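So the structure is just underneath, and the comments pick up after that.
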Amino acid sequence: MIAVFFKISKMYMKNQIICFLIMLLLPLHFYAQEDHYKTQVIDGVEYYIYTVRQSEGLYRISVNFGVPQNEILSVNPELKEGLKAGQVIFIPKKKDVRPSDTTIQQHKGESKKSAPVDIIASAFGGSSPAESPKEKTPIVAKNTTPTLQSKSEPNFYYHRIQKKETLYSLSKQYEVNQEDILRYNPQAKAGLREGDILRIPKPEDIYPEKKEEKLQEDLSVKYLIHKVEPKETLYSIGKKYQVKVDDILKINPDFEVLGIGQELRIPYYAGLITTETKGGETTSFIDWDKLLEKKDSIIPSEKAMSIAFLLPFALENKNDASIARFVDFYGGAVLAIHEAKEKGISLDIYTYDTGKTKETMEAILTNHPELKEMDLIVGPAYTAQVPVATLFARQNEVKMLIPFTSKVMDIEYNPYVFQFNPGNEAEIEHLKHLFETKLNNMNYIFADIEGIPVQDEGFTTSLQLKSILEEQGKAYQTLTLSYPDVNLFDSVAVYSKKNLIIFNTERFGNVQPYFENLNRTDRRYDIMLLEKFSWKSQNSHRPIGVYVSAFRTEYEMENLEEYEERFLDLLGWKAIEQNPRYDILGYDLLSYFITLLNNEELDILSAPELDMYLEGLQSQFRFRRNSPKSGFINQQVYLGESQIK
């Protein structure tokens with residue numbers, strides 16, 4: 001067994017946690033020392049007998065065995081319906097190619113670290129190759145290599161014998177005579193042994209009446225006629241009409257090779273076809289509006305979705321305490337991914353340690369071309385790294401979720417970016433509403449500190465809020481502050497109302513020197529501070545404050561307790577209890593975006609907003625864009641209250 005040991009840091013056991021997360025998800029493969037999978041020769045062709053592991057996709061199996069996906073599908077046509085953990089499949093054995101075990105990869109430039117197969121498998125409830133679970137469901141596979149099949153041979157189910165199974169029980173299960181099972185498995189005449197694999201002919205291939213029944217059953221489905229165009233494939237046709245390739249093949253029993261001009265029957269869901277007659281000619285076509293309304297008619301993608309994480313794990317800096325929140329974020333994302341895979345959603349996950357610098361980010365984007373093929377990239381975390389990452393997303397048309405910073409400079413002309421942190425515009429819009437509701441009828445005091453640069457976001461926010469109050473016909477007072485040791489707040493505060501103090505800066509260090517005088521005023525007057533959300537983590541003594549953020553201030557305790565139990569059970573540690581919870585942010589965001597990807601609802605070219613509601617534990621999401629050329633910004637915000645006194 002190959003094992004890797006990591007030195008554990010006492011700071012949140014950071015490295016131990018990161019390595020465990022890496023072992024859960026990241027795609028890497030290292031090569032085994034010998035071929036340890038059983039093989040079987042069928043009709044002169046040698047196959048590996050392989051048991052699918054938890055959360056494993058066809059692409060990963062194809063890479064591990066060095067066999068193209070279409071060859072694996074040809075031998076195991078049932079895989080078009082999707083892979084299931086514990087499923088037994090046959091993989092053609094290639095000469096001079098050894099299968100590899102699927103384990104984990106982290107990316108730091110070109111560095112790689114491996115992890116034991118059995119640890120990864122057990123983390124997701126699977127098993128290592130030497131402990132493959134028994135197969136309880138039949139595996140459909142053709143009996144030859146991926147070439148045209150002989151007309152005299154039927155297709156087969158390949159069945160692994162379980163304890164106490166008999167020829168009689170198998171004949172009932174597959175609706176074939178015992179004699180026909182023995183005809184294709186003469187060795188079974190000596191008795192059935194647990195673990196043996198039998199070829200069981202499909203009844204419709206050996207009994208004419210069954211074939212007719214099956215054909216009639218398939219043809220009873222309503223269908224339209226599609227004429228094949230140049231460059232079309234069965235896959236592209238199926239995607240066009242939102243039907244599975246197997247469903248097309250079922251009602252086209254004479255199909256052999258796709259040809260231009262060929263007419264295919266295309267099954268459809270009742271009520272989704274519109275018939276139109278023009279000039280005496282009747283044509284039928286799918287009503288796309290009805291199709292889009294009928295969510296359960298959308299066929300999930302057969303291809304595994306690929307998601308990459310660009311996060312600073314600081315594997316080379318073991319004492320960086322600031323990284324703990326990103327580890328928690330990734331832990332929550334791992335839980336969301338785990339739950340998605342349990343629902344049958346196929347995902348390939350890639351993770352890259354980005355550090356904190358722009359140069360590291362540039363190196364990763366340059367040296368890892370697979371990032372151009374991602375369905376979604378999550379990150380980066382630091383503002384300095386965002387411009388180079390979003391440029392990469394725009395140039396390669398890759399969707400990118402920015403989960404932390406609101407300073408995405410090209411959001412107005414980059415349609416591939418999704419910014420979670422609402423930023424200043426959403427905050428201003430919400431405060432405008434609050435001035436007429438919860439923050440109405442107050443004594444508004446603008447505390448303008450001299451020397452604050454125009455580039456400070458708090459400076460422009462202060463100007464905008466003054467303009468809003470003027471539009472609403474509300475009076476306000478302005479204090480010009482030059483020296484922290486001079487208390488001017490008493491001169492403008494009133495007893496009859498709550499006094500709302502609004503500073504003209506977003507930097508906590510600029511306002512902190514004024515808190516001593518503000519606290520003195522608070523003893524005589526009712527003072528409330530309009531804060532930036534980033535101040536919430538500062539423990540400096542100050543009056544009660546209110547802030548606008550993308551996070552709820554209270555949790556549904558029952559849901560939170562259930563989440564924390566699942567998190568601890570899967571990952572083995574408790575996340576840092578803070579507000580906001582970074583682990584829950586990762587969980588909520590990935591749950592939301594995986595659902596969007598699976599439903600094929602990330603239509604960034606036309607949609608003005610993402611039309612899907614998710615009741616997250618900590619946040620709801622309302623992503624909107626300003627124009628078809630701009631990116632999406634989350635607009636959902638809440639009013640919170642800081643209780644530091």
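The values are calculated or read from the model by the stated rules, or taken from the named source; none is laboratory data. Fair warning: this is a prediction, and the values are worked out from it, not measured in the lab. We place every Cβ from the backbone using ideal geometry, glycine too, and count neighbours over all the protein chains shown. Heavy atoms of the whole protein, side chains included, go into the accessibility calculation; ligands, DNA and RNA do not. Shrake-Rupley method; radii C 1.70, N 1.55, O 1.52, S 1.80 Å.
Under 5 Å from the amide H of I377 lie the amide H atoms of A308, K399, M400, L401, each residue being 5 or more positions distant or on a separate chain, with H modelled from the backbone and absent for Pro and chain starts. When the trypsin sites (Lys or Arg not before Pro) in the range 550-588 are filtered for DSSP coil states and for at most 13 other beta-carbon atoms within 10 Å of their beta-carbon, the remaining sites are K574.
Taking the dipole about the Cα centre of the range 536-645, with the C-beta of Lys and Arg at +1 and of Asp and Glu at -1, give me whichever of N579, L568, Q618 is farthest to the positive side. Farthest towards the positive end: N579.
Distant-in-sequence amide contacts of L479, defined by a placed amide H-H separation under 5 Å and a gap of 5 or more residues or a different chain, comprise F446, A447, D448. The phi-based Karplus calculation (6.51 cos²θ - 1.76 cosθ + 1.60; θ = phi - 60°) puts the 3J(HN,Hα) values of the range 512-520 at 4, x, 8, 5, 4, 5, 5, 5, 5 Hz, whole numbers, x for Gly and Pro.
So which of K438/K497; K240/K343; K358/K532 end up more than 18 Å apart, counting from Cα to Cα? Kindly include the intermediate steps, with their values, before the conclusion.
Numbers: K438/K497 13 Å; K240/K343 25 Å; K358/K532 27 Å.
Result: K240/K343; K358/K532 exceed 18 Å.
Rounded to the nearest 20 debye, the dipole size of the range 446-581 about its Cα centre is 520 debye, using +1 on the Cβ of Lys and Arg and -1 on the Cβ of Asp and Glu. Working note: Karplus 6.51/-1.76/1.60 with θ = phi - 60° gives the range 545-557 the couplings x, 10, 8, 10, 8, 8, 10, 5, 8, 10, 10, 6, 4 Hz, where Gly and Pro are set to x. Of the residues D522, D205, ranked by 1.4 Å probe accessible area with the largest first, the sequence reads D205, D522.
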